[in-house]
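Readers should treat all values here as calculations from the given coordinates under stated rules, not as data from a laboratory. Remember, predicted model here, so these are calculated numbers, not experimental data. Glycine also receives a Cβ, built like all others from the backbone with ideal geometry; neighbour counts cover every protein chain displayed.
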Amino acid sequence: GTLCLVAGSIVFAFPIGVLSGIYMNEYLKENWFKKTIRSMTNNLAGVPSIVFGLFGMALFVHSLDFGDSILAGSLTLGLMVLPIIIRTTEEALKSVDDSLRLASYALGATKLQTIRKVVLPIAYPNILTGLILSVSRVSGETAPILFTVAAYFLPRLPNSIFDQVMALPYHLYVLTTSGTNIEASRPMAYGTALVLIVIVLLVNLLANAVRKYFTNKLS
């Protein structure tokens, strides 16, 4: 369940976040509108996750009638990490020297060709940093999935994106806060926490390996 939610949220947020960061840095001129968008993005990055959970419940679960489902949970988590991806993408693109852009233009390349062939390959490692941060945050969040998708126990695996799913953070939350004998469930809580840590570690190692690959390829 945790892997489903991580994958779903990243598939939704990463392309939109990268494209938004490219537009803000490469196309949008420095004016009041850009400053407003940047300020809103920074503020959204600091909003507590429970607020995103309530928003996701109101919009995806009730208004769009997705119900408690993987789709609703993934979209909510995706919205939560979208500001992080936008900001890290923008900063990654800013780190690329303008002389490289000018050299590309001097050789007759268009703006789109320059972004695709010159700017993005150099910025990839830093853009992937945003992906790593997003995966780390999504993996451990409880509040958003509490309102949109999570179930403590299900007898079977989900068959579609409109099904509920079990997720490790919520499972850990229930084990440590519910029941009449918390001490008896403590070993299960520790085991759940260990599995969650291992999953987050493995996903981060994979993302770091991809980043290192692009860095070495660029070098």
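None of LYS111, LYS117 is in contact (Cβ under 8 Å) with a residue 60 or more places away in the chain, out of contact with any Lys or Arg (no Cβ under 7 Å at 6 or more places or on another chain) and surrounded by fewer than 20 Cβ atoms within 10 Å (Cβ to Cβ) except LYS111.
For SER104, state whether it is surrounded by fewer than 18 Cβ atoms within 10 Å (Cβ to Cβ) and of a type in the set (S, T, N, Q).
Taking the combined requirement at face value, the residue does not satisfy it.
Report yes if ASN159 is assigned to a loop (DSSP other than H, G, I, E, B) and under 25 Å from the mean Cα position of the chain (by Cα), otherwise no. Spelling it out, ASN159 is indeed assigned to a loop (DSSP other than H, G, I, E, B) and under 25 Å from the mean Cα position of the chain (by Cα). Among the residues examined, PHE55 does not qualify as out of contact with any Asp or Glu (no Cβ under 8 Å at 6 or more places or on another chain), of a type in the set (Phe, Trp, Tyr) and crowded, with 22+ Cβ neighbours inside 10 Å. Look at ASP68 and say whether it is under 22 Å from the mean Cα position of the chain (by Cα) and charged (D, E, K, R). Spelling it out, ASP68 is indeed under 22 Å from the mean Cα position of the chain (by Cα) and charged (D, E, K, R). Of all residue pairs spaced 6 or more apart or on separate chains, those with beta-carbon atoms under 7 Å, a first member in the stretch 49-65 that is under 22 Å from PRO169 (Cα atoms) and a second member that is surrounded by 14 or more Cβ atoms within 10 Å (Cβ to Cβ) and of a type in the set (Phe, Trp, Tyr) are GLY53/PHE147; LEU54/PHE147; GLY56/PHE147; MET57/PHE147; PHE60/PHE66.
GLY73 fulfils the conditions (1) more than 20 Å from VAL47 (Cβ to Cβ); (2) in contact with a helix residue (DSSP H, G or I) (Cβ under 6 Å, 6 or more places away or on another chain); (3) small (Gly, Ala, Ser) except for a single criterion, (1). Restricting PRO158, PRO144 to residues that are in contact with a strand residue (DSSP E or B) (Cβ under 7 Å, 6 or more places away or on another chain) and within 30 Å of PHE66 (Cβ to Cβ) narrows the list to PRO158. Per this entry, SER63 is not counted among residues that are over 17 Å from ILE22 (Cβ atoms), crowded, with 19+ Cβ neighbours inside 10 Å and among the polar types (S, T, N, Q).
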